[in-house]
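Undergrad: Please see the structure below; I have some questions.
The values are calculated or read from the model by the stated rules, or taken from the named source; none is laboratory data. Quick caveat, the model's predicted, so the values are computed rather than measured. Cβ sites come from the backbone with ideal geometry, for glycine too, and all protein chains shown count toward neighbours.
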Amino acid sequence: MSRDETTSAPREFLPHDHAHCVADALSAAEAVCRAAGARMTPVRRRTLEILLEGHRPMGAYDVLARLDSDGFGSKPPVAYRALGFLVDHGLAHRIERLNAFVACPHPDGTGHAPAFLICRNCRTVAEVPAALGTLPEGFRVEKTTVEVEGLCAACVEAAA
């Protein structure tokens, strides 16, 4: 039995086939864009690829520096527009606490409302379902932000 099958820890905190993780997210992102009639431009795709390189949040200026080094320009609107598109289409999330962005590991275009587990040591971010409980009849959730900061199991073990 693999480690993934013996624990309920999110994949982001476990060793996993990251290339497969990235390929799945890019494929799903392309499908979300097609279904929405939106265009995945080269700068938007590269921005998503940059966010997908790790399960760590990145600030807009860090993304901009990478885009600039890849020849997409050095003006802040380049990054902010691409990040805005990704967030608007559910392909990335803004981590309010860190003023940073993280790629959605399983975008499906439904506008899901996840919670985020943030390891304060290694800065890995894992997306988990948010449990809001029972809401009043007729209330439509438009945005939730649940961010939990702590230590992932690997960082706890390393500190022991």
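Undergrad: What pairs can you find where one residue is in segment 134-157 and at negative phi and surrounded by 12 or more Cβ atoms within 10 Å (Cβ to Cβ), the other is modelled with pLDDT of 80 or more and hydroxyl-bearing (Ser, Thr, Tyr), and their Cβ atoms are less than 9 Å apart, with a gap of 6+ or different chains?
TA: CYS152/THR124; ALA154/THR124; CYS155/THR124
Undergrad: Now for a separate question. Of the residues ALA35, ALA29, only one is in contact with a Leu (Cβ under 6 Å, 6 or more places away or on another chain), more than 22 Å from CYS119 (Cα to Cα) and of a type in the set (Gly, Ala, Ser); which?
TA: Only one candidate passes the filter, namely ALA29.
Undergrad: Looking at segment 90-110, which of the residues that are touching a Lys or Arg at 6+ places or on another chain (Cβ under 9 Å) and without any contact (Cβ under 8 Å) to a residue 60 or more places away in the chain is farthest from GLU53 (Cα to Cα)?
TA: Quick first cut of segment 90-110, residues touching a Lys or Arg at 6+ places or on another chain (Cβ under 9 Å) only: 91, 98, 100-102, 105.
Subsequent filtering for residues that are without any contact (Cβ under 8 Å) to a residue 60 or more places away in the chain retains 98, 100-102.
Numbers: LEU98: 18, ALA100: 15, PHE101: 12, VAL102: 10 Å.
Looking at residues that are touching a Lys or Arg at 6+ places or on another chain (Cβ under 9 Å) and without any contact (Cβ under 8 Å) to a residue 60 or more places away in the chain, I get LEU98.
Undergrad: Kindly evaluate THR124 against the criterion of being within 27 Å of ALA35 (Cα to Cα), touching a residue at least 40 places away in the same chain (Cβ under 8 Å) and not charged (D, E, K, R).
TA: Details: within 27 Å of ALA35 (Cα to Cα): no; touching a residue at least 40 places away in the same chain (Cβ under 8 Å): yes; not charged (D, E, K, R): yes.
When the stated conditions are applied, THR124 does not pass them.
Undergrad: Would you check if ARG94 is at pLDDT below 95 and farther than 15 Å from ARG123 by Cβ?
TA: yes
Undergrad: Hey, can you tell me all the residues within segment 62-91 that are modelled with pLDDT under 95 and aromatic (Phe, Trp, Tyr)?
TA: The answer is PHE72, and nothing else.
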